[in-house]
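The values are calculated or read from the model by the stated rules, or taken from the named source; none is laboratory data. Note that the structure is predicted; figures quoted are calculated from it, not measured. Virtual Cβ from ideal backbone geometry, glycine too; neighbours counted across all protein chains shown.
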Amino acid sequence: MSDFVYQGLIGLSQAMYLWLISAGLTIIFGVLGVLNFAHGSLFMLGAYLAYTAYGLWGFPFVVAVALSLAAVAVLGLGMERLFLRHLYHLDHAYQLLLTFGFVLVLDDAVKLVWGGVFKIPSIPRFLDRVLPVLGRAFPIYNVFIIAVGVMVAVALWLLFERTWWGRMVRATAADREMAAAIGVEVPRIYAGVFMLGAALAALGGALGVPVRPASPGIGVAMIVQAFVITVIGGLGNLSGAFVGSLLVGVLSAYGTLLFPVFELFFIFVIMAAVLLLRPQGLFAR
Amino acid sequence: MRSPTDPYVSAGPAEALTRPSLVSVPFLRVGVAMALLAVLAALPFVARTYIIYLTIQIAILALFALGFNLLFGYTGLLSFGQAGFFAIGAYTCAKILLLVPSLPLGILGGVAAAGVAAVVLGILSVRHTRIYFAMLTLAWGMMIFSIAWKWREVTGGDDGLVGIPRAPVRLPGLVAIDVSTIDRYYYVVLAVTIVAVYALYRVARSPLGLALRAIRDSESRAGFAGISVATYRLIAFTIAGLYAGLAGTLLPPLENTVTPPVAHWSTSAEPVLATLLGGIHTFVGPIVGAALLIILKDVIVRFTVHWSIVLGATVIVLVMGFRGGVASMVGERLLRLRR
């Protein structure tokens, strides 16, 4: 019993990394209609930049995370302004291929700059404690991750439902031409949404730095899982992405415990089944 | 789209939908093909073993990419799971060769297995288009990858299958030709490639190829014209799967081993890159792209291990500025010169 609860909590904290990357992917798809293959690479870059600022240069952890967010957001701005913007009128395949080009460049650039080794600095002192859960020691850091994930979810909900900018974004997502006609500056909305999405991915990567090894492969590993989640939740559906992240995070935590051999296989079976039976996602209204 | 008065429109309605290219001039086309065949046939007499090895790799990728382009360039469906069929071909061929040393049996078995998988997964996939199709094929590919990676008893797990022989071309009661040297194996690959490329060329120029392009240009218009969109998509998906499988079967005898990365989605990306590089609007595009990709890779790795950064930058430049690819670019230049 205590194993079951413990593993569930571990899964819940893992789900939050998935949520942060899937949230960005979903927002960008929902508004721009672009499925960003490079989103995992932005996650990875967020991790490496936070590692550099925190682990190598000795900045406080929170500052390091903020720096990494800002840097990746600027990179996202560049990707949207200089490249993606010129492809919106074309078939979606070209956007997918462009972002795939970015995957190749960014993943290799990371190896070039940081080398291929696994990096893991120590946990910041104020989070380096444990919490007794049913007689076992649960790291406070995981509680912190869960709290951040939930806070981001609430913040995004407030942003999209309660602010003027959020309303403009929703109008653009619903009908780009009509939004432009009533005075929404669509190109700026697109740039802003892409920056926000990139920053969310970077946040996920940066927060993982003290506990998950940053390696050149995490980008690809994360994007494939994020694809599964966005498919399960429904492409472009933000609350679906949240529930989907919890589902995949917790299920794979139990999966590794119960049937480690076919965990990966079952995740893709679920993805294919959702695409075939309910392509609008499990949680579509 | 070209005008009917264009003097370089050659015979056949199938041609009218493609952009002008090098191969749209029949005489030039046959001449170039003959010259290329002569060079390829003479290659083992003049070239080093390493060149032969690279040429075999080009042939494998060319077959893989040609099948992919029937799906992408002709039918308008972007698949990210072609490595799955490539791997089914490769693993089946390897299994057969480990049991029965007969190369034709290995190749046919691998192609058949890939074809069956393509029909089954195709039936499930072809009603979905755009992003959903790309995601679904990614899921199929990764399912096959996880089987190759984890089902240790059959696939050898992450070690893969080793000691696969370059088995003789054995036809029961007729002949048994030894092809264990790389030069001899090269001729097998060359023969298979020529037959397969010619067959696909005929398919692309047939009414079937025309119907596929009609679906790509407008699904609803093709439907109104009486084309059964789902059936034609399934046919294209199956042919693409067969060619991916065929390409896969040629790999294990070359390398004597087959490992799970052949099923990974980064392998699915290779025909995508080759096709994009060569050009999606011409039949020869994927062949040109396959040659460029393998040669480019070989040259770049001499200077740096960071070969994929160069490849990624190439992809970005191609998508941003040269969506026609190299083959159409050269073709258009030549046509302009002749004018």
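Some values worked out for this structure:
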item	result
Flag for B:Gly84 being touching a residue at least 40 places away in the same chain (Cβ under 8 Å), within 14 Å of chain A (Cβ to nearest Cβ) and more than 29 Å from A:Leu32 (Cα to Cα)	yes
Matching helices (runs of 4 or more DSSP H) fully within region A:154-240 where at least 2 residues are in contact (Cβ under 8 Å) with a residue 40 or more places away in the chain	A:164-174, A:186-208, A:218-233
Count - residues of region A:236-280 that are more than 15 Å from B:Ala139 (Cα to Cα), within 19 Å of the chain's Cα centre (by Cα) and within 12 Å of another protein chain (Cβ to nearest Cβ)	1
B:Ser102 within 25 Å of the chain's Cα centre (by Cα), buried (at least 19 other Cβ atoms within 10 Å of the Cβ), among the hydroxyl-bearing types (Ser, Thr, Tyr) and more than 17 Å from B:Gly248 (Cα to Cα)	no
Test for B:Val229: is it more than 30 Å from B:Leu97 (Cα to Cα), at pLDDT 90 or above and of a type outside the set (Gly, Ala, Ser)	no
Given (1) among the small types (Gly, Ala, Ser); (2) without any contact (Cβ under 8 Å) to a residue 12 or more places away in the chain; (3) closer than 27 Å to B:Asp183 by Cα, index of the condition B:Ser308 fails	(3)
Filter result for A:Leu276 (more than 30 Å from A:Val110 (Cβ to Cβ), part of a helix (DSSP H, G or I) and of a type outside the set (Gly, Ala, Ser))	yes
Residue within region B:159-168 that is in a helix (DSSP H, G or I), touching a residue at least 24 places away in the same chain (Cβ under 8 Å) and under 22 Å from the mean Cα position of the chain (by Cα) present	no
Selection count, region A:99-146, where residues are part of a helix (DSSP H, G or I) and more than 23 Å from A:Leu12 (Cα to Cα)	16
Residue list for region B:112-158, filter: assigned to a helix (DSSP H, G or I) and among the aromatic types (Phe, Trp, Tyr)	B:Tyr132, B:Phe133, B:Trp140, B:Phe145, B:Trp149
Hits in region B:172-199 (condition: over 17 Å from B:Tyr243 (Cβ atoms), without any contact (Cβ under 8 Å) to a residue 40 or more places away in the chain and either outside any strand (DSSP E or B) or not small (Gly, Ala, Ser) (or both))	B:Pro172, B:Gly173, B:Leu174, B:Val175, B:Ile177, B:Asp178, B:Ser180, B:Thr181, B:Arg184
Pairs where the first residue, in region B:54-76, is more than 13 Å from B:Val192 (Cα to Cα) and the second is surrounded by fewer than 24 Cβ atoms within 10 Å (Cβ to Cβ) and among the basic types (Lys, Arg), C-beta under 6 Å, 6+ apart	B:Tyr74/B:Arg213; B:Thr75/B:Arg216; B:Gly76/B:Arg216
Enumerated helices (runs of 4 or more DSSP H) restricted to region B:220-339, each holding at least 2 residues that are crowded, with 22+ Cβ neighbours inside 10 Å and under 15 Å from the mean Cα position of the chain (by Cα)	B:229-255, B:265-278, B:285-303
Region A:138-153, residues that are without any contact (Cβ under 8 Å) to a residue 24 or more places away in the chain and farther than 18 Å from A:Phe242 by Cα	A:Ile140
Filter result for B:Tyr187 (of a type outside the set (Val, Ile, Thr) and surrounded by fewer than 19 Cβ atoms within 10 Å (Cβ to Cβ))	yes
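Yes/no per residue for (1) out of contact with any His (no Cβ under 7 Å at 6 or more places or on another chain); (2) under 24 Å from A:Phe138 (Cβ atoms); (3) within 14 Å of another protein chain (Cβ to nearest Cβ); (4) among the polar types (S, T, N, Q):
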| site | (1), (2), (3), (4) |
| --- | --- |
| A:Ala206 | yes, yes, no, no |
| A:Ser215 | yes, no, no, yes |
| A:Ala221 | yes, no, yes, no |
| A:Val228 | yes, no, yes, no |
